[in-house]
Amino acid sequence: LADRHRHRSNMGKTKKAKGSDKKAAKKAAQDAEKARNKVIGAANKSSTPLEDAVPAELLSFGDGLALSSCKARGLNSAVQEQVFELFKGNMEAIYRENWGWKPNEKREELTDATSRMLMVYSTAEIAAAAD
């Protein structure tokens, strides 16, 4: 009888341990999601999230090019049009083949309040424009 009781007691502890492990895993997943949301929230508040996260020396290239980030809505309409035309030239055929090409929807998506752009630009052109 004592052996049976001990066996049952151990089984209960095992179930409790399993429940505790599940709770710990769930808590860890919730904490990870909160951390991700915090980073995303900070990036959404920033007008230059890439520059905030990456050291400046990694954003410049020796061949006179630099990388920057910006909110899509911060771009002037001429640059927004260039972005759309570049996307269209590279992706229209793939979209037509797989999902259908809806240029108005894609244009809206590319300029949505949550859209961000990575821009590669010539540092020489920027310097000349500043003069």
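If you check Ser47 against the conditions, is it at pLDDT below 85 and outside any helix (DSSP H, G or I)? Answer is yes for this residue.
Taking first residues from the range 104-131 that are in a strand (DSSP E or B) and surrounded by 10 or more Cβ atoms within 10 Å (Cβ to Cβ) and partners that are modelled with pLDDT of 90 or more and among the β-branched types (Val, Ile, Thr), the Cβ contacts under 7 Å between residues at least 6 apart in sequence or on separate chains come to Met117/Val83. Lys22 satisfies every condition listed in (1) of a type outside the set (Phe, Trp, Tyr); (2) surrounded by 12 or more Cβ atoms within 10 Å (Cβ to Cβ); (3) over 16 Å from Glu109 (Cβ atoms) except (2).
Scanning the range 47-94 for residues that are surrounded by 12 or more Cβ atoms within 10 Å (Cβ to Cβ), more than 14 Å from Leu118 (Cα to Cα) and of a type outside the set (Lys, Arg) yields Gly64, Glu81, Met91, Glu92. Among the residues of the range 20-72, write down those that are farther than 17 Å from Val120 by Cα and in contact with an Asp or Glu (Cβ under 9 Å, 6 or more places away or on another chain). Ala42, Ala43, Ser46 - these are the residues of the range 20-72 that are farther than 17 Å from Val120 by Cα and in contact with an Asp or Glu (Cβ under 9 Å, 6 or more places away or on another chain).
The values are calculated or read from the model by the stated rules, or taken from the named source; none is laboratory data. Just so it is clear, the structure is predicted and the values come from calculations on it, not from any experiment. Reconstructed Cβ throughout: ideal geometry from the backbone, glycine too, with neighbour counts over all protein chains shown.
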